[in-house]
Amino acid sequence: MLVRRGIGVLFVALAALSGQAPLVGQSTATVTISGTSTVRNWSCPVEAAVKVTPGKPGEAAPGFPAGVQAVAFTVPVKAIECDNDTMNGHLREALKEKTYPQIAYRMKQYTMAGSGAAKVTGSLTIAGVTRPVSFDVKLTPSANGVRSQGETNIDMTQFGVTPPKVLLGQLIVGKMVRVKFDAMLQPTP
Amino acid sequence: MAPSDVSAARRNFLRLLAASPLVSAIGLPAVLEALQQAKPLAKKKVAAAPVALAPKDTLITAASEAVDVMDFEAVAKKNLLPAHWAYMATGVDDDATIKANHEGFSRYQIRMRPLADFSKLDMSVQLFGRKWDTPIVLCPVAAQKGFHTEGEKGTAKAARAKGHLMCLSNQTSTSVEDVNTARGEPVWFQLYARPDFAGTTQIVKRAEAAGCPVLIWTVDLIGGSNRETLRRGEGPLGVRAPFCKECHEGRVIPMAQGLPPGNVERGGGGVFTWDYIKRLRDITKMKLFVKGIQTGEDGELAVRNGLDGVWVSNHGGRAGESLRPTIDSLPEVAAAVGGRMPVIVDSGVRHGTDIFKALALGATAVGVGRPQVWSLAAFGQEGVEAMLDILRRELQMTMRQTGATSIDKITRASLIDRMRIGG
């Protein structure tokens, strides 16, 4: 389940000396990874760090009149919390956490698709494998910032991740997972 | 059956009726003869189903797609290990009381009175001074982590998001402390009394220390329950099967930490009478409900023994094969209680109209059991939220259709009892 809350919004101005470089908004997103198994469905939330760089060449979006130049999500694998130590262990092992401690998403481009909706394309890196991933994002301006919500389905095997198979091989985790995120982004001042 | 077969069958049935001495006695043969001569009904034109609508047997893929709470059931069944499904789905004997619970609601028709001012429709109810936005209560349901990893925390977060009263099972797979944190306020706690009173005391004290304001003592399983569907679903070894014992062996549920093992659902072989109420009163200040009341006699005893509330329930048809739906038990219990304490009812509730009928027959609030688990197993917290939204929306619509602008306007006069001449 998507936890609907934006947490701790912090803005950092980079390269203030030059006055030319864009401002980079930093915030956190609640990311929920959920999937199936032969026993029951599961979900594991985690907080991701989000960096948003406003500016061209992106087109104007709600809360970002000058457009968005770049978006980057970073998820520390170790922070994925399934509320079950055994599950946490299996997940981290499957995601090769010791070698690849982070999951990362980098937006390449986006197109606005009606009021408050955007189609985003970019690259997702899991366990050292990078593949293109697209998804729809809903942008909702509010007093606290711009709420950004989206979700997509991912085939873990396309990233070289073998879904865990445990308990005498009878508990088999499904290869498809659903990834949802919910972030409160702060528009540039 | 083809239409011509139906007509032939109808004519044969009417001939049989006409030949009946009973029909002759009450003077209906002429009418029946006329009916026999009637032309077969013209074949009814059936409109093609709109192609945009998914057939009913198509599984929904998101909580938001659910049209009614039953849409979660098939998804839950697909998602779960068959033994886990069987644990939740089981009734007793032939599972006939489950069916009776659900079908019992069709005994009552609703009297529609649509003209009223709904600009301030109020669905709220008061329970021990606490105002709830709706009378829809989440029943205590055991072992929710067996249905989704979010377990009771997922349900609690949904209850918090939607503002519903949640009752936590003694057999919870998440500690009462963690559930209260997820709910944002203490839940009501359901108790299975143990044969060792020290063990019962430990559980009650822990729930009270966690801030739970109400204790619900469930009594309907004390006599045992013959759960055939469960036994068939889990196989002859049950949780001792090699795969199952990987999780179940040596596992102690949070509320039984430090206590001796035993089948506490059935009271562990202990002897329990109405005197037990006083024993519970002596160890806690929590308000006290008894859950599993199904007769007026026990309703009167509940009053006489100083309970704070009664819960009309047959455990969703998984206690005894009484074949008696709780919606039929409710009026006699409510009459016996006579408004002196709140009455909650559950078992078989699937629509807002069911909730409406229960309120009309004397319930203060109405519990939802299996739909809670179906929706949790299907989509976690998001599923439970969607399930609650559906029931709330349906109840609200029924209130609008019947001119009930608040819960206290839903009365016995809102219904017609089809089993009773004159309603």
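Computed values, structure above
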| read-out | value |
| --- | --- |
| Of the criteria (1) at pLDDT below 85; (2) within 14 Å of another protein chain (Cβ to nearest Cβ), which one A:G35 fails | (1) |
| Extreme residue, farthest from the other protein chains (Cβ to nearest Cβ), among residues of the stretch B:140-164 that are within 18 Å of B:I216 (Cα to Cα) and touching a Gly at 6+ places or on another chain (Cβ under 9 Å) | B:P140 |
| Residues satisfying the stated conditions in the stretch A:152-177, i.e. modelled with pLDDT of 95 or more and of a type in the set (D, E, K, R) | A:D155, A:K175 |
| Count of residues meeting criterion [outside any helix (DSSP H, G or I), open to solvent by 30 Å² or more (accessible area, probe 1.4 Å) and more than 20 Å from B:Q401 (Cα to Cα)] in the stretch B:321-367 | 8 |
| Candidate set from the stretch A:152-177 (those that are of a type outside the set (V, I, T), assigned to a strand (DSSP E or B) and without any contact (Cβ under 8 Å) to a residue 40 or more places away in the chain); member that is surrounded by the fewest Cβ atoms within 10 Å (Cβ to Cβ) | A:N153 |
| Single residue of B:V384, B:V373 found to be within 14 Å of chain A (Cβ to nearest Cβ), part of a helix (DSSP H, G or I) and under 13 Å from the mean Cα position of the chain (by Cα) | B:V373 |
| Selection status of A:G116, under 14 Å from the mean Cα position of the chain (by Cα) and surrounded by 15 or more Cβ atoms within 10 Å (Cβ to Cβ) | no |
| Some residue of the stretch B:112-130 being within 14 Å of chain A (Cβ to nearest Cβ), of a type outside the set (K, R) and in contact with a Leu (Cβ under 8 Å, 6 or more places away or on another chain) | no |
| Flag for A:C82 being in contact with a helix residue (DSSP H, G or I) (Cβ under 6 Å, 6 or more places away or on another chain) and either within 14 Å of another protein chain (Cβ to nearest Cβ) or in contact (Cβ under 8 Å) with a residue 24 or more places away in the chain (or both) | yes |
| Residue tally, condition open to solvent by less than 50 Å² (accessible area, probe 1.4 Å), touching a Lys or Arg at 6+ places or on another chain (Cβ under 8 Å) and assigned to a helix (DSSP H, G or I), over the stretch B:400-417 | 2 |
| Matching residues, the stretch A:136-189, being under 13 Å from the mean Cα position of the chain (by Cα), among the polar types (S, T, N, Q) and more than 14 Å from chain B (Cβ to nearest Cβ) | A:S148 |
| Filtered residues of the stretch A:82-99 (kept if surrounded by 14 or more Cβ atoms within 10 Å (Cβ to Cβ) and either among the β-branched types (V, I, T) or part of a loop (DSSP other than H, G, I, E, B) (or both)) | A:C82, A:D83, A:N84, A:L95, A:K96, A:E97 |
| Residue count for the stretch A:131-150, restricted to those that are in contact (Cβ under 8 Å) with a residue 60 or more places away in the chain, open to solvent by 30 Å² or more (accessible area, probe 1.4 Å) and not polar (S, T, N, Q) | 2 |
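The values are calculated or read from the model by the stated rules, or taken from the named source; none is laboratory data. Computed from a predicted model, the values in this text were never measured in an experiment. Note that we place each Cβ from the backbone using ideal geometry, even for glycine, and neighbour counts take in every protein chain shown. For the accessible areas, the whole protein counts, side chains as well, though only heavy atoms, and no ligand, DNA or RNA atoms are used. Shrake-Rupley method; radii C 1.70, N 1.55, O 1.52, S 1.80 Å.
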